[in-house]
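Here's the structure we're looking at; comments come further down.
Just so you know, all these numbers are worked out from the coordinates, no wet-lab data involved. Since we're looking at a predicted model, the values are computed, not measured. In this analysis, Cβ positions are derived from the backbone assuming ideal geometry, glycine residues included, and neighbour counts consider all displayed protein chains.
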Amino acid sequence: MNPNLKAVLLTILTLSVFTLVIIELTGISSNSLNALWHSSQAAKPFVPAADPRTQKVNTMPKTTMMFYETKHDFGKISADSVVKYVYKFKNTGTNPLMIAKTDVSCGCTVPSYSHDPIAPGADGEITVSFNPKGKSGTQHKNIMVHSNADPEAVSIGFDAEIK
């Protein structure tokens, strides 16, 4: 075989491998390239089906709510103690208020709340338990509360220093 042909083939092979490595390292996949290539066919994003409670809350008339406190500081706590805090809120609107769900930033944080509607002018509460096991240092945790209030999602949270 001709030495020049071998050099050309070796160069092509090297560039091909190099290109594949770059594609893999940058995270460009064939799905991403297909999406870019076929972007004229606007694909609808995947939206998971809402649970029955969220569906019910979404059909309720809007109201408003006000948390008396949205942040709490537990201060210094032991890594082997579970702490709790009660966030109180008021239905400041004219329609019943219902919490659809809560989203937490980690499994160490567990919120609980009444599943019954809160009448206009009445108070409600969300109790948040925090288990710091396996954690150390300063912790900042957030809970997103979803309801039929406007705005639909409100963030509450806490800080703790684990000793």
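Applying the criteria of a DSSP loop state and at most 14 other Cβ atoms within 10 Å to the trypsin sites (Lys or Arg not before Pro) of segment 58-141 yields K62, K133. The string of couplings for segment 111-119 from the Karplus curve (6.51, -1.76, 1.60, θ = phi - 60°) is x, 9, 7, 6, 8, 7, x, 9, 5 Hz, one whole number per residue in order, with x for Gly and Pro. Quick one: which of K76/K141; K88/K133; K133/K163; K84/K135; K141/K163 span more than 19 angstrom between C-alpha atoms? Exceeds cut-off: K88/K133. Measure off 7 Å from each Cα along the Cα-to-Cβ vector at A79 and T59, then give the distance between these two points in nanometres to one decimal. A separation of 4.9 nm, rounded to one decimal place.
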